[in-house]
Amino acid sequence: MKKTSSLPRLLCLSLALAWIQGAQASTVFWGSNFNDNLFNSAGDILDETYSFEIGTFTGGFTPTYQNVDQWEANWHVIDRVFAPDSNGWNPLPIPDGQFFVATVDLNPDGTSSSSDANPGDTFTMGDTVYLWAYNSKSIVPSSEWALVTDGSPVGDQADDWIIPDPSNTSGSFVWQLTDANSAIIGGANGVQGPGTYSTTPGVFSLQTAVVPEPGSALLLLAAAAAHLTRRTRRA
């Protein structure tokens, strides 16, 4: 028997909740398209081991490919989805799955309504929001990550990925994967960012990359700098 997608049901529920709570919080709808192109570094579809989080980093901390070992300590979760479908992530192959979708409220005091958020975390207006996809936050050879954001508002189909004004308790916002155009690790919407890959899919909305071990990214940069120096001297 063909499985019926729960995406319409989830969206209807999200809209209903937004209408009920609209006077109390700003509601954010976030996720990917239905039957999206979501792959790991080898070009395989993302499976049930993956989770997706939206969040921000501690003020003054900028995530880079070279400081991946510091990300988790500076990361503040707004919301999270994971398998099964009832938790927001449907990893089944197309046409039954490969999409994630969720709704979260940003309260007037700057906190998140999500049970996956730290109640003590407050989110500051204007801070950049990131999407972090991972199968494990441990930095081990089997770990794969993608950290992407909406780095430029040009061409956006939905709202910019920034924390809205907490006093705006009557609005709703949409953060879509289709607007991601900047990758700190992994790839977004057909463009691979830093990371190790064994395959480049012809079309992809999100691709994870092998997480570099602490220090390895710096060694790669040092080697590249040394190579460039040698070429300059020869010239």
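The values are calculated or read from the model by the stated rules, or taken from the named source; none is laboratory data. Because the structure is a prediction, the values reported are computed rather than measured. Glycine also receives a Cβ, built like all others from the backbone with ideal geometry; neighbour counts cover every protein chain displayed. Ligands, DNA and RNA are excluded from the accessible area calculation, which covers all protein heavy atoms including side chains. Shrake-Rupley method; radii C 1.70, N 1.55, O 1.52, S 1.80 Å.
Summary table
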| item | result |
| --- | --- |
| Residues located in the stretch 147-164, provided they are hydrophobic (A, V, I, L, M, F, W, C), in a loop (DSSP other than H, G, I, E, B) and open to solvent by less than 60 Å² (accessible area, probe 1.4 Å) | A158, W161, I163 |
| Checking S41 against (1) within 25 Å of T124 (Cα to Cα); (2) in a loop (DSSP other than H, G, I, E, B), the condition it does not meet | (1) |
| Test result for N168, part of a loop (DSSP other than H, G, I, E, B) and touching a residue at least 60 places away in the same chain (Cβ under 8 Å) | yes |
| Selected residue (only one of T122, T103, T49 is under 30 Å from S198 (Cβ atoms), open to solvent by 10 Å² or more (accessible area, probe 1.4 Å), of a type in the set (S, T, N, Q) and not in a helix (DSSP H, G or I)) | T49 |
| Subset tally (residues that are among the hydrophobic types (A, V, I, L, M, F, W, C), loosely packed, with under 15 Cβ neighbours inside 10 Å and modelled with pLDDT of 80 or more) for the stretch 1-46 | 1 |
| G193 being touching a residue at least 40 places away in the same chain (Cβ under 8 Å) and crowded, with 22+ Cβ neighbours inside 10 Å | no |
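Each row is one residue, and each column tells you yes or no for (1) assigned to a helix (DSSP H, G or I); (2) under 18 Å from the mean Cα position of the chain (by Cα).
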| position | (1), (2) |
| --- | --- |
| G55 | no, yes |
| G59 | no, no |
| P63 | no, yes |
| N67 | yes, yes |
| V77 | no, yes |
| W89 | no, yes |
